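Below: the structure, in structure tokens.
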Amino acid sequence: MTVQALNMFGPQRNLALQPGPVWPSFEQFRKVGSSALAPIGNGVVGALTTRSGRYRIVEEHDFQRLVGLAAEVERLRNGFQLIIAASKAVQRHRDDATVETLIHSVSMIGELPSLPTRIGFEKIAPEGLELDPDDEVILNVDELGSAFAAQDPT
């Protein structure tokens with residue numbers, strides 16, 4: 001197993017990604033089965049290498065936190081562009097109105113709430129699904145029951 005430090009933030013930021021299991025091929029991942037994903041979660045990131053590339057495997061909760069942080073970065077980036085534009089306006093026109101606009105834009109960025117991270121995700125249904133009336137198709141995971149239950153391989 002290859003270990004690389006992935007700590008993005010300290011404990012205050014509540015996102016400290018840790019390297020997890022590494023599978024050098026899809027075949028090795030497949031042989032272990034679904035139990036291979038057991039250590040993934042709570043900030044642990046797996047790595048899977050295939051012929052087409054290297055992939056990172058994260059739990060849904062960790063993924064949603066990353067998406068939320070990416071959205072927050074984009075929000076801040078847009079806010080900083082506003083501050084830069086207001087600063088340039090103050091450089092060109094040093095009057096009370098432009099200085100007040102700069103002060104307002106700086107304070108506005110600090111007062112905006114952070115964007116939330118999602119807990120969970122919406123259930124999706126296949127688009128354009130054409131069903132044969134004679135086929136029984138179950139789209140609700142809860143109705144599948146034992147089909148996805150952990151089974152003892154012995």
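The values are calculated or read from the model by the stated rules, or taken from the named source; none is laboratory data. Everything numeric here is computed off the predicted structure, so don't read it as measured data. Neighbour counts run over all protein chains shown; Cβ positions are idealised from the backbone, glycine included.
Details
- Candidates P126, P153, P116 - the one that is within 24 Å of Q18 (Cα to Cα) and either more than 26 Å from the chain's Cα centre (by Cα) or modelled with pLDDT under 85 (or both): P116
- Near pairs, Cβ below 9 angstrom, 6+ apart or cross-chain, from the range 24-44 (farther than 12 Å from V58 by Cβ) to any residue that is among the charged types (D, E, K, R): S25/R51; F26/R51; A36/R30
- Qualifying positions in the range 82-113 - outside any helix (DSSP H, G or I) and either modelled with pLDDT under 85 or among the aromatic types (F, W, Y) (or both): L112, P113
- All of G46, G68, G79 fail the test of being touching a strand residue (DSSP E or B) at 6+ places or on another chain (Cβ under 7 Å) and either assigned to a helix (DSSP H, G or I) or on the phi < 0 side of the Ramachandran plot (or both), apart from G46.
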